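I have placed the structure first, in the form of structure tokens, so that the comments after it can refer back to it.
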Amino acid sequence: MRILTVQLFKENLFKVLNGMSIGIIVALMPSAMLGNIIGQFDAPYLAMLLALSTSMLALAMGICIGLQFKLDPISLCILAISTMVSGGAVRGVVNGAIQVQGSGDVLNATLGAVIALAIILTFGHRLKAYKLLVLAPTTLIIVGTITSLTAAPVGAITGYVGMMIAHFTTLQPLIMSILIAMSFGLIIVSPLSTVAVALLIQLSGTGSAAANVGCAAAAITLGILNYRSNGLGTSLAHFLGSPKIQVANFIKSPIMILPGLAAGAIAAIFVPLFGAVGTPMSAGFGLSGLIGPLGHLGLTGFDAYNIFVAAFVFAVVPAVTSFAMAWLFRDVLKIVRDEQYKLDF
């Protein structure tokens, strides 16, 4: 077994973060792209498939993390199941039916993945033929027990962040919009969930719109800056799916999010000016599934002016500010570089 050095710790950390990022984007992409479209039709089975994909987020994380470590099939399955259990999307079993709701807690799922990995990498090779008999149930029980105890304190981290953002809503509307947009632009590339924070504090009205614009600006900016390193398809995944695909790069080089935060701050100025609003559910999604614009229209109505506001504030302005800030920070000020956004798939 290799001795744990600082360099090895960093290598393993970024493997975990890379796997987590890929798993998140794979699980969330179907619902983000098709959720609102399917919602317009009477298609409960298709809606169920999209919801199920979202609920399998922790499972996808576990698989992608395991692939980063080149685990064998048995170890990969043990890790995936342990991560799924840790996420908390599985709420219990009623009359033999497993109840699954939401995507779970990404932070707690990551903690479970790390614990399971430590067990697998430490004991897996020693058990040999007994790996399946011993490692599978032991890891599941240990990880499930520990993460059930950590769920509340880990979830409290989201609560503390939510309390800070809730304070911003008491400020003057313009200042509030800028601070909330920047906060959500930062959260959306962290292991925390923007949706969970927004729902926790029931962020609505102007604050919800500002949060959505901040998410959209961060996502678009990251997509633009990612283009040279990874191509168009991956760039589109940032704002059609989720910019959390950049979590590992953000942890490695936090400065890479500055252009997105600047773009969000500028775009947020237009939120109170045009009276853009939203709901707690629409706050944390950015442009994914057009949930932000549709949330505004659902509250204000679908007349010509409100459609203009929805398109202008939630899409046009974040796009323009994102292109401007990407150009400014990369090409003029040279604060960020293309390689800081490169994804290792």
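The values are calculated or read from the model by the stated rules, or taken from the named source; none is laboratory data. These figures come from a predicted structure and were not determined experimentally. Note that each Cβ is placed from the backbone with ideal geometry, even for glycine, and that neighbours are counted across all protein chains shown. Calculation scope for accessible area: heavy atoms of the full protein, side chains included, ligands and nucleic acids excluded. Shrake-Rupley method; radii C 1.70, N 1.55, O 1.52, S 1.80 Å.
For region 77-197, state the semi-axes of the equivalent ellipsoid (square roots of 5 times the eigenvalues of the alpha-carbon gyration tensor), sorted largest first and rounded to whole angstrom. Walk me through the numbers before you get to the answer.
Details: eigenvalues 275, 51, 21 Å².
In descending order, the three semi-axes are 37, 16, 10 Å.
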- State whether region 241-284 is rounded, prolate or oblate according to the following rule on the C-alpha gyration tensor (a ≥ b ≥ c being the square roots of its eigenvalues): a/c under 1.5 gives rounded; otherwise a/b larger than b/c gives prolate, and the remaining case gives oblate. oblate
- Query: Using just the C-alpha positions of region 56-100 as equal point scatterers, what log10 of I(q)/I(0) does the Debye formula give at each q in 0.15, 0.19, 0.25 1/Å?
  - Reply: -0.39, -0.56, -0.79
- Item | Nonlocal amide H pairs with residue 100, under 5 Å, H built at 1.01 Å | 91
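Rank these residues by their accessible area, most exposed first, probe 1.4 Å: 105, 344. It would help to have the intermediate numbers written out before the result.
Working: 105 45, 344 85 Å².
Putting 105, 344 in descending order of accessible area: 344, 105.
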- Rounded to the nearest whole number, the per residue volume of the convex hull around the C-alpha atoms of region 152-293 in Å³ is 96
- Can you tell me the 0 to 90 degree angle between the C-alpha axis of helix 173-187 and the longest principal axis of the chain, rounded to 10? 30
- Given the rule -39500 (n - 2.57) for each run of at least 4 DSSP H residues, summed and divided by the residues of the chain, what is its mean residue ellipticity at 222 nm, to the nearest 500 deg cm²/dmol? -22000 deg cm²/dmol
- Query: Can you work out the base-10 log of I(q)/I(0) for region 124-187 at q = 0.12, 0.26 1/Å, using the Debye formula on its C-alpha atoms alone?
  - Reply: -0.55, -1.01
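Just subtract the alpha-carbon distance of residue 74 and residue 91 from 0.36 nm times their residue separation and send over the number in nm, one decimal. Before the final figure, lay out each step's value.
Working: separation 17, 0.36 × 17 = 6.12 nm, distance 2.51 nm.
Stretched out fully, the residue 74 to residue 91 stretch lengthens by 3.6 nm.
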- Query: Just the Cα atoms of region 190-269: what Rg and Dmax do they give in Å?
  - Reply: 12.8, 38
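Just to confirm, what accessible area per residue do you get for region 213-256 at 1.4 Å probe, in whole Å²? Show your work: numbers first, answer last.
Numbers: 1270 Å² over 44 residues.
So region 213-256 comes to 29 Å² accessible per residue, rounded to a whole number.
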- Query: When the convex hull of the C-alpha atoms of region 156-201 is computed, what volume per residue in Å³ does it have?
  - Reply: 56
- Using Cα atoms only, what is the angle between the long axis of helix 317-326 and the major principal axis of the chain, expressed in degrees (0 to 90) to the nearest 10? 70
- Provide the FRET efficiency to the nearest 0.05 for the residue 10-residue 311 pair, computing r from the beta carbons and using R0 = 51 Å. 0.75
- Starting from 0 in steps of 5 Å, tell me what percent of the Cα-Cα pairs of region 1-115 lands in each bin. 2, 12, 19, 20, 17, 13, 7, 5, 2, 1, 1, 0
- Message: Please state the shape class of region 265-345: rounded when a/c is under 1.5, otherwise prolate if a/b exceeds b/c and oblate if not, all from the C-alpha gyration tensor.
- Response: prolate
- Task: Quick one: angle between helix 57-68 and the longest Cα principal axis of the chain, in degrees between 0 and 90, rounded to 10, please.
- Result: 60
- Quick one: pull the percent of accessible area on region 130-230 belonging to carbon and sulfur, 1.4 Å probe, ligands and nucleic acids left out. 75
- Query: What percentage of the solvent-accessible surface of region 23-118, computed with a 1.4 Å probe over protein heavy atoms, is contributed by carbon and sulfur atoms?
  - Reply: 70
- √(5λ) per eigenvalue of the Cα gyration tensor, the chain, largest first, Å: 36, 23, 17
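As an exercise, use a Förster radius of 30 Å and the Cβ-Cβ distance of residue 331 and residue 167 to find the FRET efficiency, rounded to the nearest 0.05. Can you show the working numbers first?
Values: r = 36 Å, r/R0 = 1.21.
So, using R0 = 30 Å, E works out to roughly 0.25.
Pairs 252/334; 10/128; 15/334; 10/244: which exceed 24 Å Cα-Cα? The partial results should precede the final answer.
On the way: 252/334 18 Å; 10/128 28 Å; 15/334 28 Å; 10/244 19 Å.
Correct reply: 10/128; 15/334.
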- Quote the charge dipole size of region 1-112 about the Cα centre in Debye, to the nearest 20; the model charges only the Cβ of Lys and Arg (+1) and of Asp and Glu (-1). 300
- Item | Computed magnitude of the charge dipole of the chain (debye, nearest 20; Cβ of K, R +1, Cβ of D, E -1) | 960
